[in-house]
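One structure is given below, encoded as C-alpha cells.
What follows is calculated from the coordinates using simple rules that are stated; it is not laboratory data. As the structure is a prediction and not an experimental result, all values here were calculated from the model. Cβ placement follows ideal geometry from the backbone for every residue including glycine, while neighbour counts extend to all protein chains displayed.
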Amino acid sequence: MVIITAGMIGVGKTTLTDLIATHLNTQAFFEPVGENPVLPLYYADPKQYGFLLQIYFLNKRFAMIKKALSDDNNVLDRSIYEDALFTQENHREGNISDAELKVYMTLLDNMMSEIQTMQKGRPDLMVFANADFDTILYRIKKRGRDYEQFEDNDELRQYYFKMWSAYQKWYEDYDASPKMTIDLQKYDLENEASRKIVLQQIDDRLAALSE
C-alpha cells in the first residue's frame, strides 16, 4: 500500500508521515528540504530562482513517487501530485514566465503519463494535513528556519496565505486517488491521545477502502 501526505509547510505533515509509517511498520520517504541548495536562494530572490526551484522539486518528486510506487509499501511526505500548485502560484506572482510555465507543464504531463503506465499507477490514499492559517504561521515560526520567517516580511506572509488558500481548493479538486483530511489544528501530534485518534481515523479509512 502507498500513502501520500499533503499539506502546507508548518502544518505538521512530516510528523504525520513519520507517525503513519511507524504505525504501519513501513518506509517513509521524506522531501529533502534541508538538502535543497535552491530553496534559500528562492526565498532571497523568488523572481530569479522560481523556475529553477520548481524544476528541482519536480525532478525530486518524480523520482520519489516512482520509487514509492515500485516498492508498493510506504508513506510519502508530499508528492508530485501537488507540485503544480506551487508552480502556478509562482507564475501568478510573476516569478515564472509564461514560457517557463509551458515548459514545466509539458514536462509534468510527460511524467504523469509515465507514472500511469507503471504496474501500480497511483497511490492508495492521500492524507491531507490541514489547520487554520494562524496555526500554520505559529508552527512556521516555532520550527525556526531562518529563510521561512515572515515577521519583517509581509510579502512572504501574504505568499503563505495564498498558498494556504490554494491548498483548500487543491484538496477539493484532487481526484488522483482516494483521499481524506486530518485536522491538525484539532489534533496536535505532540499529544499522545491526539496521535491515537489520528491513526484510528486513517485505519478506519483504509479499512473502508479495502471492503
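Ranked by the mean number of other Cβ atoms within 10 Å of their residues, highest first, the peptides 65-78, 95-108, 42-55 come out as 65-78, 42-55, 95-108.
Ranking of 170, 164 by neighbouring Cβ atoms within 10 Å, starting from the fewest: 170, 164.
With kT/(6 pi eta Rh) evaluated at 10 °C and eta = 1.306 mPa s, and Rh the Kirkwood radius from Cα pairs, the range 121-211 diffuses with a coefficient of 105 µm²/s according to Stokes-Einstein. Largest GNM mean-square fluctuation among 20, 115, 182, using the chain with Cα springs under 10 Å: 115. Applying a length cut-off of 30 Å (Cα extent along the axis) and a mean Kyte-Doolittle floor of -1.0 to the DSSP H helices of the chain leaves 46-71.
Entry note, the chain: the mean residue ellipticity at 222 nm calculated from DSSP H runs of n ≥ 4, each adding -39500 (n - 2.57), is -19000 deg cm²/dmol after division by the residues and rounding to the nearest 500. What you get for the range 2-210, charging only the Cβ of Lys and Arg (+1) and of Asp and Glu (-1), is a dipole of about 300 debye around the Cα centre.
Counting alpha carbon pairs within less than 8 Å and at least 6 residues apart, what relative contact order, in whole percent, applies to the chain?
30
Between amide H atoms placed 1.01 Å from N, distances below 5 Å from residue 179 occur with 126, all of them 5 or more places distant or on a separate chain. Which of the three applies to the range 37-157, rounded, prolate or oblate, going by the alpha-carbon gyration tensor with a ≥ b ≥ c and a/c under 1.5 meaning rounded? The shape class here is oblate. How high is the FRET efficiency between residue 35 and residue 70 when r is their beta carbon distance and R₀ equals 30 Å, given to the nearest 0.05? Computed FRET efficiency for residue 35 and residue 70 comes out at 0.85.
Exceedance of the 25 Å cut-off in Cα-Cα distance is limited, within the set 13/60; 47/102; 120/196; 13/186, to 120/196.
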